[in-house]
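**Student:** I am attaching a structure below and will ask some questions about it afterwards.
Laboratory data are not the source of any read-out in this text; all were calculated from the coordinates shown. Just so we're clear, the structure is a prediction, and the values are computed from it rather than from any experiment. Positions of Cβ are generated from backbone atoms using ideal geometry, with glycine treated the same way; all protein chains shown enter the neighbour counts.
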Amino acid sequence: MLIRSWNLFHGNTLPPQRTGFLGEMIRVATADDPDVLCVQEVPAWALGLFTAGDVAARPRVGPVPISARLGHRLTRPNQGLFRSAFSGQGNAILVGPALRVLSRSVLTLNPRRFRDGRARVLGLGLRARLAWAKERRIVQAVRVADRDDRTFFVANLHCTSYAADERLAEAELLRAAWFAVSEAQPEDVVVLAGDFNVTAARSSTLRSLAGAEWGFSEPGPGIDHILVRGAPATPLRRWSDEQRAHGGRLLSDHAPVELEIT
């Protein structure tokens with residue numbers, strides 16, 4: 001089973017420009033028919049293109065879904081400038097035809113009560129607290145079965161980016177891991193995929209998840225990861241720049257990562 005994850009950067013290139021390339025990104029990411037594609041930073045108007053799409057940061061121009069369509073119109077004149085300012089963003093999962101979806105679920109990673117509790121424990125100052133509250137983050141999940149009735153619980157997350165204190169992302173990552181192993185059935189292979197916004201070199205949570213107590217596979221070198229528990233998996237592979245290039249442009253500010261569950 002091929003699992004792929006990609007932060008789509010709202011459909012922007014690197015560096016961003018006026019035109020959006022979300023459609024091309026989806027075509028590139030699905031050209032070889034991965035079994036599961038997990039994506040982050042998807043404009044709210046595009047979430048319906050996927051098997052499961054959930055809003056994280058809501059559009060700022062009214063209620064969903066009307067605001068998603070309006071946000072798309074407002075963003076279109078300059079995709080690189082406006083990004084998610086009007087259109088909002090979310091996480092999405094595309095499930096291939098060889099799998100059938102058994103259930104869906106979603107959890108907010110940074111609700112106020114959780115933030116307040118962790119802020120006291122971590123001793124966070126006002127600036128860090130405000131940064132953590134700025135944008136809603138979620139983990140979404142699908143439980144799927146293959147043709148041999150083997151089941152997989154795939155969780156797709158995007159943790160808070162706050163370089164001044166990566167403990168915010170660490171707290172969300174641990175919350176997502178507890179969510180995944182708690183929601184999964186005992187027989188499920190559990191997959192944690194997405195933009196964790198922490199690296200293995202600095203993250204005690206990532207090291208813990210790869211340890212004997214949690215039993216997940218080893219993380220990759222960057223901030224985009226796919227962790228597997230309950231089955232052997234290949235090492236994480238990061239796409240080269242050539243693989244995500246399009247017309248002389250580099251799609252997204254992140255490279256896709258992938259692995260195979262064997």
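**Student:** In nm, to one decimal, how far is the modelled label at T19 from the one at R120, with both set 7 Å along Cα→Cβ?
**Tutor:** 5.4
**Student:** For the chain, what is the calculated [θ] at 222 nm in deg cm²/dmol (nearest 500), taking -39500 (n - 2.57) for each run of four or more DSSP H residues and dividing by its residue count?
**Tutor:** -7000 deg cm²/dmol
**Student:** Over the Cα atoms of the range 153-262, Rg to Rh with Kirkwood Rh, two decimal places?
**Tutor:** For the range 153-262, the value is 0.99.
**Student:** Expected output is a single nm value to one decimal: the length gained when fully extending between A98 and Q185, i.e. 0.36 nm times separation in residues minus the C-alpha distance. What is it?
**Tutor:** Here the answer is 29.3 nm.
**Student:** Now, a different point. Taking every DSSP beta bridge with both residues inside the chain, roughly what % is antiparallel (nearest 5)?
**Tutor:** 80
**Student:** With no solvent and one equal point scatterer placed on each C-alpha of the chain, evaluate the Debye formula and give log10 I(q)/I(0) for q = 0.08, 0.13, 0.15 Å⁻¹, two decimals.
**Tutor:** Debye intensities relative to I(0), on a log10 scale: -0.30, -0.82, -1.10.
**Student:** How many nm separate the modelled label positions at E135 and A31, each set 7 Å beyond the Cα in the direction of the Cβ?
**Tutor:** Reported label-point gap for E135 and A31 is 2.8 nm.
**Student:** Still on this structure: Return the tail of the calculated pair distribution for the range 86-206, meaning the percent of Cα-Cα pairs more than 20 Å apart.
**Tutor:** 46
**Student:** Could you run the Karplus curve 6.51 cos²θ - 1.76 cosθ + 1.60 with θ = phi - 60° over the range 191-200 and give me ³J(HN,Hα) per residue in whole Hz, x for Gly and Pro?
**Tutor:** 10, 10, 9, x, 9, 7, 6, 9, 10, 5
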